[in-house]
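Worksheet for the structure shown next.
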Amino acid sequence: MQWIFSPLNKSFDRLSFDCGKPKLNDYLKKYAWQNQQKRYSMTFVATVENSKEIAGYYCTSASNIEFTSIPDSLIKKLPKYPAPVMLIGQLAVDRKMQGKGLGKVLLMHALSRAVRISSEIGIFAVRVDAKDESARDFYQKYGFISLKDAESSLILPIKTIIASRKMNYP
Ligand SMILES: CC(C)(COP(=O)(O)OP(=O)(O)OC[C@H]1O[C@@H](n2cnc3c(N)ncnc32)[C@H](O)[C@@H]1OP(=O)(O)O)[C@@H](O)C(=O)NCCC(=O)NCCS
């Protein structure tokens, strides 16, 4: 299927979105637009052509992680202060569209955004906060590694993303 990605705006139908997780539905309905206007987080939605129905969405914001939380396998030669990260705060697919590859497309879209931004603002990794075990499994499938002190928070270094796409590391 051909997905169209757009920054959230009020013309999209936020009310009928249902990914099966009430917190993620509510976020889109009640908070995503407000937070975007304050630039606390940006929301990107996937739709099919000529539709305002949201098939999936993800949100991004700037964040950081304590040096002491970074997994041992990644700490070699890192500065010993908090590491800058891009947070994917929410990522969800409407129930009607689940299992058709959109979750992966949303994640890849967010990772590409992180790589792009990292050439202008330092970003060590992309961080996700998995809402449950199933979400954690989904992210682990793409190489995300749990933080030392919080199993449900996972990171994927920008360097790893770039290497996996055989891009040049700036
Ligand atoms: C988790 C979620 C985003 C996956 O989206 P999806 O569109 O159904 O997933 P896709 O069809 O793109 O699946 C891509 C791959 O991930 C796998 N996958 C999907 N959900 C998975 C899960 N929960 N655990 C492990 N693997 C999973 C699929 O089997 C597929 O693998 P394959 O490429 O080897 O066949 C979706 O089920 C969802 O929105 N769930 C509710 C909200 C949620 O839990 N969000 C998680 C972030 S907080």
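Please give the net charge around A46, taking every other residue with its beta carbon less than 14 angstrom from that of A46, where Lys and Arg add +1 and Asp and Glu add -1. Please report the intermediate quantities before stating the final value.
On the way: positive: R14, K52, K96, K100, K104, R113; negative: D13, E49, E53, D94.
Neighbour charge sum, excluding A46 itself: +2.
With the cut-off at 30 Å, tell me which of the pairs K23/K148; K23/K141; K38/K77; K29/K100; K104/K159 have Cα atoms farther apart than that.
On the way: K23/K148 26 Å; K23/K141 23 Å; K38/K77 36 Å; K29/K100 23 Å; K104/K159 19 Å.
Going by Cα-Cα distance, K38/K77 fall outside the 30 Å limit.
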Return K29, K77 ranked ascending by Cβ neighbour count within 10 Å, so the fewest neighbours appear first.
-> K77, K29
For the chain, evaluate the Debye formula with one uniform point scatterer on each Cα (no solvent term) and list log10 I(q)/I(0) at q = 0.15, 0.16, 0.19 Å⁻¹, rounded to two decimals.
-> -0.84, -0.96, -1.30
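Quick one: T43, T68, T160, T60, fewest Cβ neighbours within 10 Å first, how do they rank?
Numbers: T43 24, T68 11, T160 17, T60 20.
Ascending number of Cβ neighbours within 10 Å: T68, T160, T60, T43.
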The summed charge of the Q90 Cβ neighbourhood (under 15 Å; Lys/Arg +1, Asp/Glu -1) stands at +4
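Any idea what the relative contact order of the chain is, in percent, if you count C-alpha pairs under 8 Å spaced at least 6 apart?
Details: 270 pairs, mean separation 30.9, N = 170.
The normalised contact order for the chain reaches 18 percent.
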Degrees separating the helix 102-117 axis from the principal Cα axis of the chain, which is the longest one = 50 degrees
Magnitude of the Cβ-charge dipole (Lys and Arg +1, Asp and Glu -1) of the chain about the Cα centre, nearest 20 debye, reported as 320 debye
Would you mind computing, in nm to one decimal, how far apart the modelled labels at A150 and K77 are, each placed 7 Å from Cα along Cα→Cβ?
-> 2.8 nm
Please give the peptides 112-118, 90-96, 152-158 ranked by average Cβ packing (other Cβ atoms within 10 Å per residue), highest first, as a rough proxy for protection.
-> 152-158, 90-96, 112-118
The chain: calculated mean residue ellipticity at 222 nm from DSSP helix runs of at least 4, using -39500 (n - 2.57) = -7000 deg cm²/dmol
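Could you list the GluC sites (Glu not before Pro) in the range 45-103 that lie in coil according to DSSP, counting only those with at most 11 other Cβ atoms within 10 Å of their Cβ? Show your work: numbers first, answer last.
Numbers: sites: E49, E53, E66; in loops: E49, E66.
Loop-located and lightly packed - E49.
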With Cβ to Cβ distances under 12 Å as the rule, what net charge do the other residues near L102 carry (K, R +1; D, E -1)?
-> +3
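Read-outs: derived from the displayed coordinates by stated rules, not from any lab. These numbers were taken from a predicted model, which means no experiment stands behind them. Glycine also receives a Cβ, built like all others from the backbone with ideal geometry; neighbour counts cover every protein chain displayed.
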